[in-house]
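Written out below as structure tokens is the structure these notes cover.
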Amino acid sequence: MRTLSLFAAGIAAWVLLPAAAQAQATAEGADKIRLGLKDWIATHLATADKSVVFNFQGPITVEPQGKFYKAVIPKSEVLFTTEGDTARLALDPVELVLTPLENGWLDTVATIPSTYRVVPDKDDEGVEVTIGAQALRGIFAPQYHAFMSLDGKLGQITAHSLNPAEAKGAFKIDGLALAGDSKAVGPDTYDSTGSVTLSGVSFLDETGAQVLRLDGATLEAKAAAADMAAVRAFSDKLTDLQKRYPPQADGEMPKEFLTELGRVFQGTPKLFDDLDFSYGLTGAEVTPGEADVEKVTLASAGFGVGLAGLAKDASTFRITFDLAQLGIQPLPEFGQFVPHSATIDLALTNLPNQALLQALTGMLDSSATLGPDQAAEIAVAQLQQAVMNGNGALEIRSFKAASPLTSIDLTGTLRPNAKAPLMMTGDAMLVVTGLDAALEVAKATPDGQEMVQGLTVLQTMGAQDTVDGKPARTYKLVVGENGDILLNGTDLKPLLGMR
């Protein structure tokens, strides 16, 4: 919600104030904070095209109270206008208690409104969000425009439609937790973590029936050796660009914006060494109330992406995914072949950082003259050439999936090779269990003829083996420098129509 942005806005205004480093609050400092808050809201929250407008019912007040400041952003109405349609959000006051610490950082406690009601002008429908409990605290570093630690909790969150016909419907969250921490590892350099965790999530339809339930969901981010001064400078440059080159009437960004953005990237020093994002959920249950699918359950699922080594000559891009105990009731046709668990871990290694940056900045710069499509094509060609000339690889570190009948386990490495006929070399190993049982089930299924054919071919091509006491088929694929494609030692090129 915009109120959370207001919270951040209030803190960010401190960057304007030398007094922020003082341990004692002063009248002069309070006045500067008030002016800084007003300017920050006008600059960063309201928009030049009037699509977002704040109407305050009184002035912002800031009072020194011993060793801290108490700031109050007054009651306001926020107008959101899109394509001629306007919606209104009434906000109660936001209170901030800011205590300067010895190092100039700010111990910050915020109290935000407990009710938010968004109502469109053209009808009486809208959405109301209520918060039953809150405790928001963090340590803010004015010089970085960033919280160096967070410990925030919101509870008993409910969103529901103002349409009487949908009165029984609601979206509920028992708890929302914000957590973060930063540890210094050098001048202006920190290892930082941050997370947002939801617990007890549920969605009720207009009849009051539960359609979705989640025990928990988490978003987590980690940055290693983040240069906070560089991150702040980079953020300021992006903000300045957005001011100077606002979106055009059609919503597209001006060509000059892309050109300048390329120059910003080109002139930006290292921001961090490693960066990771992960998303996860636990205890999911979906009840669509349809005849063919009554319930879908999932014990857990997760997805992650990461970049490592950005401060070095080459980096690694990694993708991970996991799935546990997927259940469908009633089980559909071929449901026994649907994986109920999976684990995926893929990595692109030794990516040339300088070549990637040059391709990105070149694409942004040439978009102004060549257009975004042609610029992107040139950038892709440059990236392909850089990867082909590098020592990178696609590593299949783990690719596992298990259904009630079968399981697969794939590992391998593929490397680009400009001198090889197929432009790559590598090897991979696939292990499949449960093929015999799957084949028998497919034969007994009315619509399983095509599956029978596919499973028969797969069974025939595999080498017999035993894994954990179970019959298995193994498939070793080798792509050689001379262009050979071998499966368990057999040349596949004639089968693929190749010479």
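The values are calculated or read from the model by the stated rules, or taken from the named source; none is laboratory data. Note that the structure is a prediction, hence the values are computed from the model and not measured. Don't worry about glycine lacking a Cβ; one is built from the backbone with ideal geometry, like all the others, and counts go over all protein chains shown. What goes into the accessible areas is simple: the full protein's heavy atoms, side chains included, and nothing from ligands, DNA or RNA. Shrake-Rupley method; radii C 1.70, N 1.55, O 1.52, S 1.80 Å.
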| task | Evaluate E = 1/(1 + (r/R0)^6) for residue 312 and residue 218, where r is the Cβ-Cβ distance and R0 equals 30 Å; express this FRET efficiency to the nearest 0.05. | result | 0.55
| request: Could you tell me how many degrees, from 0 to 90 and to the nearest 10, lie between the Cα long axis of helix 255-266 and the main elongation axis, the longest principal axis, of the Cα atoms of the chain? | output: 80 degrees
| message | Per residue of segment 173-186, what does 6.51 cos²θ - 1.76 cosθ + 1.60 with θ = phi - 60° give for ³J(HN,Hα)? Whole Hz please, x for Gly and Pro, Karplus curve as stated. | response | 9, 5, x, 10, 10, 10, 9, x, 7, 9, 10, 5, 10, x
| Global geometry of segment 201-241, whether rounded, prolate or oblate, following the gyration tensor of its Cα atoms and the 1.5 cut on a/c | oblate
| query | If we sort 195-208, 326-339 on the protection proxy, mean other Cβ atoms within 10 Å, highest first, what's the order? | reply | 195-208, 326-339
| message | Can you give the FRET efficiency to the nearest 0.05 for residue 397 and residue 275, using r as the Cβ-Cβ distance and R₀ = 25 Å? | response | 0.85
| remark: Residue-normalised value, i.e. accessible area per residue, for the chain at 1.4 Å probe, in Å², stands at 54 Å²
| field | Relative contact order, percent, segment 448-499 [alpha-carbon distance under 8 Å, six or more residues apart] | value | 19 percent
| note | For segment 231-236, Karplus-derived ³J(HN,Hα) couplings (6.51, -1.76, 1.60; θ = phi - 60°; whole Hz; x for glycine and proline) come out as 4, 4, 5, 5, 4, 5
| message | Net charge around residue 313, counting only other residues with Cβ within less than 14 Å of its Cβ (Lys, Arg = +1; Asp, Glu = -1)? | response | +1
| message | Contact order normalised by length for the chain, with contacts defined as Cα pairs under 8 Å and 6 or more residues apart; what percent is it? | response | 6 percent
| field | Charge sum, other residues only, whose C-beta stays under 11 Å from residue 349's C-beta, Lys/Arg counted +1 and Asp/Glu -1 | value | +2
| Going 7 Å from the Cα of residue 450 toward and past its Cβ, which residues in segment 313-343 have a backbone nitrogen under 20 Å from where you end up? | 332-339
| Where in segment 260-304 is the amide nitrogen less than 14 Å from a point lying 7 Å along the Cα-to-Cβ axis of residue 233? | 264-272
| message | Bin width 20 Å, origin at 0, all Cα-Cα pairs of the chain: what percent of pairs per bin? | response | 16, 41, 34, 9, 0
| field | Protein accessible area in the chain, 1.4 Å probe - carbon and sulfur % | value | 57 percent
| How far is helix 449-461 tilted, in degrees, relative to the longest principal axis of the Cα atoms in the chain, given as a value from 0 to 90 rounded to the nearest 10? | 70 degrees
| said: If you fit an axis through the alpha-carbon atoms of helix 353-370 and take the longest principal axis of the Cα set of the chain, what angle between them do you get, 0 to 90°, nearest 10? | reply: 70 degrees
| said: Going by average Cβ density within 10 Å per residue, which order do the peptides 462-472, 353-363 take, highest to lowest? | reply: 353-363, 462-472
